[in-house]
Amino acid sequence: IRFAHSSCFVMEGMQFLNDVLIEQIMDYSFRYNVPIAIDCGSTFGAKAVGKKLADVGQSLDIILFANENEAKALKEIENNPEKHCKIYIETLGDKGSIAFFEGNKFYQRAYFQEDTRNNSILGFLEDTGAGDAFAGAFLYTLFSHSKNILLDLSFEVIERAMNFASKEAFFAMSDFGL
């Protein structure tokens, strides 16, 4: 497998079942300071990610996304996943999201939009793709700020990324997914 000129690896939790792939990506990440963004993807994927984090046992240049159920499954294997990650994010549906960065917690409330036609809050139709939209918007914000997100992270950038990601997740839930 060739990873020439990669600036970030984006992975889904089930890929953590492929030990050869994971070892190659982690080796490249260490050698070239390339972050790994992981969306747990399922409770099964979260357990695979948690096992690998527990096995490695050190802090990695990882941005890890987990929803509430995935976070519970992850913590069954590795009680404190944020200690292994550059950024660890739990999405909490209509309760918002929490990011852990450099020992600090950032809470972002869920984004809601008012329907001005009838003075109500637009509702969530369903959540298919909301986590993917959140992760994509979060990463987009980080990379639009800097090509080297590992060196240029700040609390301000994390807050901006959380805010934008919350809005994008809302829009993903405001229509029916596929």
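The values are calculated or read from the model by the stated rules, or taken from the named source; none is laboratory data. None of the values given here were measured: they were computed from a predicted structure. All Cβ positions, even for glycine, are placed from backbone atoms using ideal geometry, and neighbour counts span all protein chains on display. Calculation scope for accessible area: heavy atoms of the full protein, side chains included, ligands and nucleic acids excluded. Shrake-Rupley method; radii C 1.70, N 1.55, O 1.52, S 1.80 Å.
When the range 79-96 is examined, which residues are found to be over 12 Å from the mean Cα position of the chain (by Cα), open to solvent by 20 Å² or more (accessible area, probe 1.4 Å) and at pLDDT below 85?
N79, N80, K83, G93, D94
When you go through V34, V56 one by one, which is the residue that is farther than 28 Å from A172 by Cα, surrounded by 13 or more Cβ atoms within 10 Å (Cβ to Cβ), touching a residue at least 12 places away in the same chain (Cβ under 8 Å) and out of contact with any Phe, Trp or Tyr (no Cβ under 7 Å at 6 or more places or on another chain)?
V56
A46 fails exactly one of the following numbered conditions: (1) surrounded by 20 or more Cβ atoms within 10 Å (Cβ to Cβ); (2) more than 24 Å from F170 (Cβ to Cβ); (3) not β-branched (V, I, T). What is the number of that condition?
Here A46 clears every test but (2).
Looking at (1) open to solvent by 80 Å² or more (accessible area, probe 1.4 Å); (2) within 17 Å of the chain's Cα centre (by Cα); (3) farther than 20 Å from S154 by Cβ, which is the one condition that is false for D39?
Against the list (1) open to solvent by 80 Å² or more (accessible area, probe 1.4 Å); (2) within 17 Å of the chain's Cα centre (by Cα); (3) farther than 20 Å from S154 by Cβ, D39 comes up short only on (1).
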